[in-house]
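Some notes on the structure that comes next.
All of the numbers you see were taken from the coordinates with simple rules; none came from a lab. All figures in this text were calculated on a predicted structure; none of them were measured in a lab. Heads up, the Cβs are rebuilt from the backbone with ideal geometry, glycines too, and the neighbour counts pull from every protein chain shown.
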């Protein structure tokens, strides 16, 4: 019985290892007023995505947003951060990671 479980674990480990994060079709764009992160699901099954976008304003403010989303095939998911016209973004960034659900 122990040998059977050991063999099962050895052969099942590559399947378990496939459930890793990947970088899907994502984009992070920033203008003086907003930072936008987008992800598109081009796969035939749903994907689960986690992401964040952030920006630094002219007067030193740091703005940040997070996303946890289940994105179905052919759909988009968005994440936004906004600022005021009087205090525009001077730098921004973000990232989104996904795995097949």
Next item on the list: Using R₀ = 41 Å, calculate the FRET efficiency as 1/(1 + (r/R₀)^6) where r is the Cβ-Cβ separation of residue 29 and residue 101; round to 0.05.
Entry: 0.95
Notebook entry, point to check: Expressed in nm², what is the orientationally averaged projection area of the convex hull enclosing the Cα positions of region 20-100?
Noted result: 4.9 nm²
Margin query: Along the Cα→Cβ direction, 7 angstrom out, place labels at residue 72 and residue 90. What is the inter-label distance in nm?
Written below: 4.4 nm
